[in-house]
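Heads up, the thing below is written out as structure tokens.
Please treat every number below as a calculation from the coordinates, not as lab data. Not measured: the values here are computed from a predicted model. Positions of Cβ are generated from backbone atoms using ideal geometry, with glycine treated the same way; all protein chains shown enter the neighbour counts.
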Amino acid sequence: MKIGTDSVLLGAWTSVDHKPFSVLDIGAGTGVLSLMIAQRSHAETIEAIEIDDDAFEQCAENFEDSPWNDRLYCFHASLLEYVEAVNDEFDLIICNPPFYSEDYKTENKSRDLARFNDAMPFKHLIFAAVNLLSENGIFSIVIPHKEEANLIDLASTVGLNPNRILRVKGHPDSEIKRSLLEFSFEDTDVKTAELVIETSRHQYTEDYINLTKDFYLKM
């Protein structure tokens with residue numbers, strides 16, 4: 001599967017100022033989020049979990065071929081299997097989860113698995129985060145904007161609070177499409193911001209370029 005703008009945004013925006021030692025990437029796909037965090041931080045251990053066979057193989061291959069292969073580990077497992085199997089805590093949990101909840105499926109089961117949120121419900125993500133996040137850790141996620149309030153309410157029931165929110169538009173006149181959220185156990189004032197990706201087709205805004213330029217070969 002291709003690398004999407006959502007992953008690039010999340011990987012670039014997620015804070016590593018707290019100097020995470022251990023990182024967990026939930027639903028890793030190609031592994032791009034793990035690779036971006038490896039580039040941006042000195043985290044000693046970055047673990048990624050992926051349930052799809054082909055995506056897992058591609059993720060493991062990408063990790064092995066990267067300059068940070070001694071810090072990257074990919075596990076072929078479902079989220080709940082992983083939560084039940086490990087006792088570790090993570091200073092950063094990052095996730096670009098499946099989005100589409102419409103009542104249709106395609107003939108491509110791998111793509112369906114990656115794109116439909118019945119494969120990874122928000123309640124499972126919150127359950128994983130509250131069980132695996134370290135005391136001072138951060139849980140960072142990108143979701144459809146329409147799901148923002150729902151996820152915040154769900155997280156609040158287990159003591160996870162939003163600290164930062166970035167709302168993303170494709171172009172200046174479009175509706176907000178995505179919300180990037182950072183949660184922690186700390187209850188602080190929420191810092192909110194808005195990002196516009198393009199002014200016209202392939203004419204990227206200065207804000208988008210400044211956020212993502214370290215990860216594109218041509219920007």
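What the table shows:
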quantity	calculated
The stretch 162-219: C-alpha gyration tensor shape, a/c 1.5 cut-off, then a/b vs b/c	oblate
Point-to-point label distance, THR192-GLN39, nm (Cα→Cβ direction, 7 Å offset)	3.1 nm
Full-stretch length increase - LYS123, ALA85 - with 0.36 nm per residue and alpha-carbon distance subtracted	11.8 nm
Pair SER78, VAL158: separation of 7 Å Cα→Cβ label points (nm)	1.6 nm
Calculated [θ] (222 nm, deg cm²/dmol) that DSSP helices of n ≥ 4 give over the chain, each run adding -39,500 (n - 2.57)	-9000 deg cm²/dmol
Label-point separation, ILE209 to LYS146 (7 Å along Cα→Cβ), nm	3.4 nm
The chain, relative contact order in percent, only Cα pairs under 8 angstrom and at least six apart counted	17 percent
